[in-house]
1. Would it be correct to say that Gly9 is of a type outside the set (Lys, Arg) and surrounded by 10 or more Cβ atoms within 10 Å (Cβ to Cβ)?
2. Counting only residues that are exposed (fewer than 10 other Cβ atoms within 10 Å of the Cβ) and either of a type in the set (Gly, Ala, Ser) or not in a helix (DSSP H, G or I) (or both), how many does the stretch 69-89 have?
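What follows draws every value from the coordinates through simple rules; no lab data is involved. These numbers come from a predicted model, not from an experiment. Cβ placement follows ideal geometry from the backbone for every residue including glycine, while neighbour counts extend to all protein chains displayed.
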Amino acid sequence: MKELQESRGRLAEELVTLTTRNNELAKKGSRAGKLEAKCKDLQRRYMGALEMAGEKEEELEAIRGELSQVKEVFRGQVVDLMQQLQAAQTGA
C-alpha cells in the first residue's frame, strides 16, 4: 500500500513536471510561429526594397548616360563658340 502511495506521489510529481514542460513548449511553439511570420514579412519587405533599389540603380545609370551625352554636346558647342570667337577676333 505504501509503495502504491509512493508510486502515486512520484507519478503526480512527474505529471506536474510534464504538464509544466508541455506548457512551456506550447508557449515557445507559439512564439516560434509569430517569429516565423515576422521573418517572412521582413523577407518580403527586404525583397521589395531590393527590387526598388535595383530599379533606382537602372534609372541612375540611364541618367548618367544622358548626362554624359549632354556634356559632350555642351563641350562641342563651347569648342564651336571658341572657334567662332577666335575667327571673329582674327578677322576683325
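1. On the way: of a type outside the set (Lys, Arg): yes; surrounded by 10 or more Cβ atoms within 10 Å (Cβ to Cβ): yes.
Judged against the criteria, Gly9 is a match.
2. Summing the residues that are exposed (fewer than 10 other Cβ atoms within 10 Å of the Cβ) and either of a type in the set (Gly, Ala, Ser) or not in a helix (DSSP H, G or I) (or both) in the stretch 69-89 gives 1.
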